[in-house]
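Engineer: Pasting a structure below so you can have a look.
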Amino acid sequence: MSHVASWVLRRAEADDAASVASCAAEAFRHYIPRLGLTPIPMTKDYGEAIANAQVWVATQHGETIAALVLDVTGEGFLIDVIAVQPRHQGTGVGRALLRLAEDEALRQGHDSIHLFTNEKMTENRALYERIGYVEYKRLALAERTRVFLRKPLR
């Protein structure tokens, strides 16, 4: 069964901050019991991200169903947050946002793209590895271990 894209991808605007925050909360809520803490994307200031980073949303019938936060850091082009509402997972919208992120990285002159995730988010790590991301660093923090992955684009 093929999925026809039934969403619209666009840059987020200031008035999207609350819907992006809600989308991230829904997407990451199920990790709280596994992690024993609130995932960082659930606590992010999305108004600030929209003002200072590159935030994209996928909307369907006026509802934000997925969100993507991109940024440029000292390590290069970063996927800071990717969040898909649970009922829209498996529809291809997350993959569409990942493709958009890679296209934006290339368009902005970057040869690779990187991201990080919690080591306990094993299904996310497996997805990223399947699509070409390779672990290059781990950072043990007080309450979590971050796994950093990078994908060459050229």
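The values are calculated or read from the model by the stated rules, or taken from the named source; none is laboratory data. All of these numbers come straight from a predicted model, not from anything done at the bench. For neighbour counting, all protein chains shown are included, and Cβ atoms are generated from backbone atoms with ideal geometry for every residue, glycine included. Only protein heavy atoms, including side chains, enter the accessible area calculation; ligands, DNA and RNA are left aside. Shrake-Rupley method; radii C 1.70, N 1.55, O 1.52, S 1.80 Å.
Engineer: Can you list the equivalent-ellipsoid semi-axes of the chain, largest first and in whole Å, using the square root of 5 times each Cα gyration tensor eigenvalue?
Structural biologist: For the chain, the semi-axes come out at 21, 19, 16 Å.
Engineer: What are the ³J(HN,Hα) values, in whole Hz, obtained from phi via the Karplus relation 6.51 cos²θ - 1.76 cosθ + 1.60 with θ = phi - 60°, for each residue of segment 126-131 in sequence order, with x given for Gly and Pro?
Structural biologist: Here the 3J(HN,Hα) series is 4, 4, 4, 5, 4, 9 Hz.
Engineer: Return the Rg/Rh value of segment 81-154, two decimal places, where both radii are evaluated on C-alpha atoms and Rh is the Kirkwood radius.
Structural biologist: Details: Rg = 13.0 Å, Rh = 13.2 Å.
Across segment 81-154, the Cα-based Rg/Rh ratio is 0.98.
Engineer: Express as a percent, rounded to the nearest 5, the fraction of DSSP beta bridges in the chain (both residues included) that run antiparallel.
Structural biologist: 90
Engineer: Moving on to the next point. Evaluate the distance, in nm, between pseudo-label points positioned 7 Å from the Cα of S6 and of A25 along their respective Cα→Cβ axes.
Structural biologist: If labels sit at S6 and A25, their model points lie 2.6 nm apart.
Engineer: While we're looking at this one, here's another question. Rounded to the nearest 500 deg cm²/dmol, what is the calculated helix-only ellipticity per residue at 222 nm for the chain, with -39500 (n - 2.57) per DSSP H run of length n ≥ 4?
Structural biologist: Only helices count here, giving -9000 deg cm²/dmol.
Engineer: In square angstrom, rounded to the nearest 10, how much accessible surface does R99 have for a 1.4 Å probe?
Structural biologist: 130
Engineer: Name the lysines eligible as straight-distance cross-link partners of K137: C-alpha to C-alpha under 20 Å, and not fewer than 8 places from it in the same chain.
Structural biologist: Once the sequence-local lysines are set aside, what remains near K137 is K120, K151.
Engineer: Continuing with this model, one more query. What ³J(HN,Hα) values, in whole Hz, does the Karplus curve 6.51 cos²θ - 1.76 cosθ + 1.60 give for segment 115-120 when θ = phi - 60°, with x put for Gly and Pro?
Structural biologist: 7, 9, 8, 6, 4, 7
Engineer: According to a simple spin-label model (label point 7 Å from Cα along Cα-to-Cβ), what is the distance in nm between T43 and A140?
Structural biologist: 2.1
Engineer: Expressed as a whole percentage, what fraction of the accessible surface of the chain belongs to carbon and sulfur atoms when a 1.4 Å probe is rolled over the protein heavy atoms?
Structural biologist: Carbon and sulfur: 51 percent of the exposed surface of the chain.
Engineer: Report the paramagnetic label zone for K120: residues of segment 30-69 whose backbone N is under 19 Å from a point 7 Å from Cα along the Cα-to-Cβ axis.
Structural biologist: 30-44
Engineer: Could you tell me which of A53, T43, L78 has its Cα farthest along the dipole of the chain towards the positive end, charges placed at Cβ (Lys, Arg +1; Asp, Glu -1), taken about the Cα centre?
Structural biologist: So the residue furthest toward the plus end is L78.
Engineer: At a Förster radius of 30 Å, what calculated FRET efficiency corresponds to the Cβ-Cβ distance of I131 and I32, to the nearest 0.05?
Structural biologist: So the FRET efficiency works out to roughly 0.70.
Engineer: Follow-up question, since we're still on this one. In whole percent, what relative contact order does the chain give with Cα contacts below 8 Å and a gap of six or more residues?
Structural biologist: Details: 249 pairs, mean separation 28.9, N = 154.
It comes to 19 percent, rounded to a whole number.
Engineer: While we're on this one: Could you do me a favour and compute the accessible area per residue for segment 108-154, 1.4 Å probe, result in Å²?
Structural biologist: For segment 108-154, the solvent-accessible area averages 57 Å² per residue.
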